[in-house]
Amino acid sequence: MALRDQLRIMVVDDTATSRGLITHALESFGIQSIATAGDGKQAVQMIARAPVHLVVSDYNMPEMTGVALARRLRALTKGLPVVFMTGADEAELLRESRGMKNTRL
């Protein structure tokens, strides 16, 4: 069985269109097990019930940013990679996310 057949990925974005586009892109790579959540709180609850191998998260979401989500996931998992996405071009966002790169989840 190929690795892509075993991977479980969670896509977290508050915009349904973005979740759909990301899911479609992952499916085009042959990823079959993709869960989606509309916000960080829902993602944490879902991952607590069904762990994943990778989280792809919007950086800017109401109530819980992608970085806040990654920090919450530390309590549940060890070594879970989180990929942040954003359309923003703000230096502060880059500094905050860079601070996460040396941190193990």
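The values are calculated or read from the model by the stated rules, or taken from the named source; none is laboratory data. Just so it is clear, the model here is predicted, and its values are computed rather than measured. Reconstructed Cβ throughout: ideal geometry from the backbone, glycine too, with neighbour counts over all protein chains shown. For the accessible areas, the whole protein counts, side chains as well, though only heavy atoms, and no ligand, DNA or RNA atoms are used. Shrake-Rupley method; radii C 1.70, N 1.55, O 1.52, S 1.80 Å.
Structural remarks
- R0 of 25 Å, Cβ-Cβ distance LYS78-ARG49: FRET efficiency to nearest 0.05: 0.90
- Shown for segment 25-94: the carbon plus sulfur share of the solvent-accessible area, taken with all protein chains present and a 1.4 angstrom probe, equals 53%.
- Ellipsoid equivalent to segment 1-50 - semi-axes via the Cα gyration tensor, in Å: 20, 15, 4
- Translational diffusion of segment 16-82 was estimated from the Stokes-Einstein equation, with Rh taken as the Kirkwood radius over Cα pairs; at 10 °C and 1.306 mPa s the coefficient is 128 µm²/s.
- Integer Hz, Karplus 6.51/-1.76/1.60 couplings in order for segment 44-54, x for Gly and Pro: 4, 4, 5, 5, 4, 7, 9, x, 10, 8, 8
- Protection proxy ranking of 36-45, 64-73 - average other beta-carbon atoms within 10 Å, highest first: 64-73, 36-45
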